[in-house]
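A short reminder: the numbers here are calculations on the coordinates, not readings from a lab. This structure is a prediction, so every number in the text was calculated from the model and none was measured. Glycine also receives a Cβ, built like all others from the backbone with ideal geometry; neighbour counts cover every protein chain displayed.
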């Protein structure tokens, strides 16, 4: 068993959930999402985020709009679609269940 | 003194050292190959380029106007190589892009002596093709059975033409990583032949 690998496997599953959670608060620019994910230490290399965002957008969970920026070319701002909110609600529930299950086992 | 190149990255123009430019180009090309099987791959690449341009801008100031190799390496370490990215991707997403590991027998045109039948069988069972050839030769000497079997196999077995077929022939799953490896190998072969 490789500790680093196990940790990476754990992170994988929650990354999509974290992205949707960040966007549920307000619409965000990709670099803002990256900053939050990095501060929370759930992402190692930034390149992982972009394919996930595009996949979630293609699945109809996210949409984006172009917004003018003072510092240069327009930026992509992502936001949750109504479908994405429903999806996130489901994920919230299953996350709570998971935490409960793990706590139950660890408390014994 | 160094030559610089002027590039447009994410809507910004940068002056970049020639060697750094080569490294950046190689990196972006590898990412392109990595995301090739993905829906909207060009969109992912544009997003990554936009981020890269942001990382570059953060490293320039009034004393530093040119992007160097160090800046490119720094940006690559932050964004991650295709290998780093696929390591942290969900496995379900990755499996979507590789067909189940088919293992089929083909004729191998790259290592053929006559029609590639023995080379293909060797690749299929992962044994030295010469062993198969000797068996066929012995069978051919003993009443000609080897010749008949060879002809039938030549007709029945398709030739491995595409990269995907050549990977299937050896029994590896056909995915982006294996195709990349195989193309790289072929490219090196061509280069070797050119030198001879």
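For chain B, modelled as a Gaussian network with Cα springs under 10 Å, which listed residue fluctuates most, B:86, B:62, B:182?
Checking each option, the largest mean-square fluctuation is seen for B:62.
Suppose we look only past 31 Å in the calculated P(r) of the protein assembly as shown. What percent of the Cα-Cα pairs does that tail hold?
It works out to 49 percent of all Cα pairs.
Listing B:35, B:56 from the residue with the fewest other Cβ atoms within 10 Å to the one with the most, what is the order?
Ascending Cβ contact count within 10 Å gives the list B:56, B:35.
How far is the Cα center of region B:124-196 from the Cα center of region B:106-120, in Å?
Measuring centre to centre over Cα atoms gives 4 Å.
Principal axis extents for chain B, Cα atoms only, whole Å, descending order, please.
For chain B, the Cα extents along the three principal axes come out at 86, 43, 21 Å.
Taking a ≥ b ≥ c as the square roots of the Cα gyration tensor eigenvalues, with a/c under 1.5 meaning rounded and otherwise prolate when a/b beats b/c, else oblate, which class fits region B:109-195?
Since a/c reaches 1.5 and a/b is larger than b/c, the shape of region B:109-195 is classed as prolate.
Counting helices only, and only those DSSP H runs with n ≥ 4, report the 222 nm mean residue ellipticity of the protein assembly as shown as the sum of -39,500 (n - 2.57) divided by its residues, in deg cm²/dmol to the nearest 500.
About -20000 deg cm²/dmol.
Compute the relative contact order of region B:109-195 as a whole-number percentage, counting only Cα pairs closer than 8 Å that sit 6 or more residues apart in sequence.
Worked out over region B:109-195, it gives 22 percent.
Could you give the distance between the Cα centres of region B:44-84 and region A:44-108, to the whole Å?
25
Taking the Cα atoms of region B:4-95, report the difference between the largest and smallest coordinate on each principal axis, in whole Å and largest first.
47, 20, 20
Jot down the radius of gyration and Dmax of chain A, Cα atoms only, both in angstrom.
15.8, 56
Treating the angle as unsigned and between 0 and 90°, give the value, to the nearest 10°, between the Cα long axis of helix A:30-39 and the longest Cα principal axis of chain A.
30
Of all the C-alpha pairs in region A:52-108, what % are more than 12 Å from each other?
The calculated P(r) of region A:52-108 puts 73 percent of pairs beyond 12 Å.
Mind checking the angle between helix A:3-25 and chain A's longest principal axis? C-alpha axes, 0 to 90 degrees, to the nearest 10.
50
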